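Read the figures in this text as sums done on the coordinates, not as results from a lab. Note that the coordinates shown come from a computational prediction; the quantities given were computed from them, not determined experimentally. FYI the Cβ positions are ideal-geometry reconstructions off the backbone, even for glycines, and counts take in every protein chain you see.
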Amino acid sequence: MLKNNLNVIIIAVAIITSSYLFSNAFQNRNKNTDTISVTGLGKTDFVSDLIVWNGSFSRKSSTLKEAYASLDADRDKIKSYLSSKGIAPNEIVFSAVNFNKEYQSTYNENGTLRENIFTGFSLTQSVSIQSKEVNKIEELSRQSSELINSGIEFYSSAPEYYYTKLAELKIKMIAEATKDASTRAKSIAENADASLGNLKKSDMGVFQIIGQNSSEDYSYGGSFNTQSKNKTATITVKLVYQVD
């Protein structure tokens, strides 16, 4: 009889204890879910203040010496041309010369390779201009056909546009996105007859730069447009507030 009473008491205590723990856990769970999660946006348009323009030129000859001599002459012409356009010497950078041996393949009637005939040396060198005079270099890139007309085998790449104050811009945008998120949270709380408590968590989203008025897709890892002079930057900030 005593043993049975003892078992009843143990079971009762266990039920009471488990009920208390369950009730406490349930209350804590509700407290943890009493939050507002909002995302704020920081967005700004800006104009690039740095331009990089690249080009390359080539020469081919049966001997390496002749090819180098021709390439040197072209390089001097390019220097003179750029100087005449107002480009400072320290803004012009020439790369190392790349050269290849070129061959012409011949085949027999069955399509089997017969031999490779050496046709000469092909030399290529690149030139790069980096400047803060964006409009001037942009116009120069459009006039590069003048080098071709002078007898130089010149290939021009599209200019690339950058912004040197990106770090400062990003800080301002984060502040703007945070303020936007906070305003949204306050509005939601007021409309729900609640008040905001402490900030529990904040996360910064992806920083994106695309061309203005473009149809570029936003990338999950962030995009960084270099093709457009006029750009749009965006960033998001997610805030989680406790609700009182």
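Of note:
- Each of Asp34, Asp217, Asp180 was scored by other Cβ atoms within 10 Å of its Cβ. Arranged with the fewest first, they read Asp217, Asp34, Asp180.
- Stretch gain in nm, segment Val52-Leu64, where the contour uses 0.36 nm per residue and the Cα spacing is subtracted: 1.2 nm
- Taking N as its residue count, the alpha carbon Rg of region 174-244 over 2.2 N^0.38 Å: 1.43
- Maximal additional length on extending the Ser157-Asp217 stretch stands at 19.3 nm, based on 0.36 nm per residue less the C-alpha distance.
- Considering every alpha-carbon pair of region 52-159, the percent of pairs per 10 Å bin, from zero through the bin containing the longest distance, is 13, 39, 24, 14, 7, 2.
- Neighbour-count ranking [beta-carbon atoms within 10 angstrom, fewest first] of Val97, Val38, Val47: Val47, Val97, Val38
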